[in-house]
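Structure first, commentary second.
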């Protein structure tokens, strides 16, 4: 299905937006679809970004299978153009679609966000999904949290760094508390040493192993080929 087959529907599931919210979302959806259908095939990234806008509205309207199709098309277009941020945003929408491949899409989005120079705030958001998906006593949440802090230190500009860094530190403390009942700085330092969370040469490969488990055999791209393109 392409965007030309997205219809304006009234039927919504329980827990969906109220009538006034639904009306506003539907109005926005109509406008975005008009923009999308007016684009030519010579603007693949512009089309992909509008597809993501439409997909996000469809998710809000509880029309997740339709949102999945558009976001999947947007992902493919973004990846073909080496538009890493757009590809990661597409994976974020695909994760929110709650379809059979959504968790794999999250894993691929995290891999892209950590591997390529994606905005640190978006990378943080993707890694937070990993934290949310990981059982309390598994190490995956710890690896995601420290990777978020690492990416922020590496990529955030001066305007972003303080707030994002504080947020990441808070995330690490939360993960440590739920993982090992860590409650103070001394215990946190020991926890980080015990889990080897200080050296990116150690924790990034371990995070990659977690992503491999999440995605399994469902990769939509060749990681080595993407690395070679970027290099």
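The values are calculated or read from the model by the stated rules, or taken from the named source; none is laboratory data. The shown structure was predicted, so the numbers you read here are calculated from the model rather than taken from an experiment. Cβ: placed from backbone, ideal geometry, glycine included. Neighbour counts: every protein chain shown.
Go over the candidates 138, 125 one by one and state the one that is assigned to a loop (DSSP other than H, G, I, E, B) and either assigned by TED's automatic domain parsing to the domain that holds residue 192 or under 25 Å from residue 230 (Cβ atoms) (or both).
One residue alone meets the criteria, 138.
Could you figure out which of (1) within 14 Å of residue 208 (Cα to Cα); (2) surrounded by 20 or more Cβ atoms within 10 Å (Cβ to Cβ) isn't true of residue 164?
Going through the list (1) within 14 Å of residue 208 (Cα to Cα); (2) surrounded by 20 or more Cβ atoms within 10 Å (Cβ to Cβ), residue 164 breaks only (1).
Criterion first (assigned to a helix (DSSP H, G or I) and in the same structural domain as residue 117 (by TED's automatic domain parsing)) does residue 197 satisfy it?
No, not satisfied.
Take the conditions without any contact (Cβ under 8 Å) to a residue 12 or more places away in the chain and either in contact with a strand residue (DSSP E or B) (Cβ under 9 Å, 6 or more places away or on another chain) or within 28 Å of residue 194 (Cα to Cα) (or both) and apply them to residue 135. Does it pass?
yes
Going by the structure shown, is residue 167 more than 18 Å from the chain's Cα centre (by Cα) and part of a helix (DSSP H, G or I)?
Here the answer is no, as residue 167 does not meet what is asked.
Give the residue, chosen from 118, 146, 175, 151, that is buried (at least 21 other Cβ atoms within 10 Å of the Cβ), touching a helix residue (DSSP H, G or I) at 6+ places or on another chain (Cβ under 9 Å) and not in a helix (DSSP H, G or I).
Unique residue meeting the criteria: 118.
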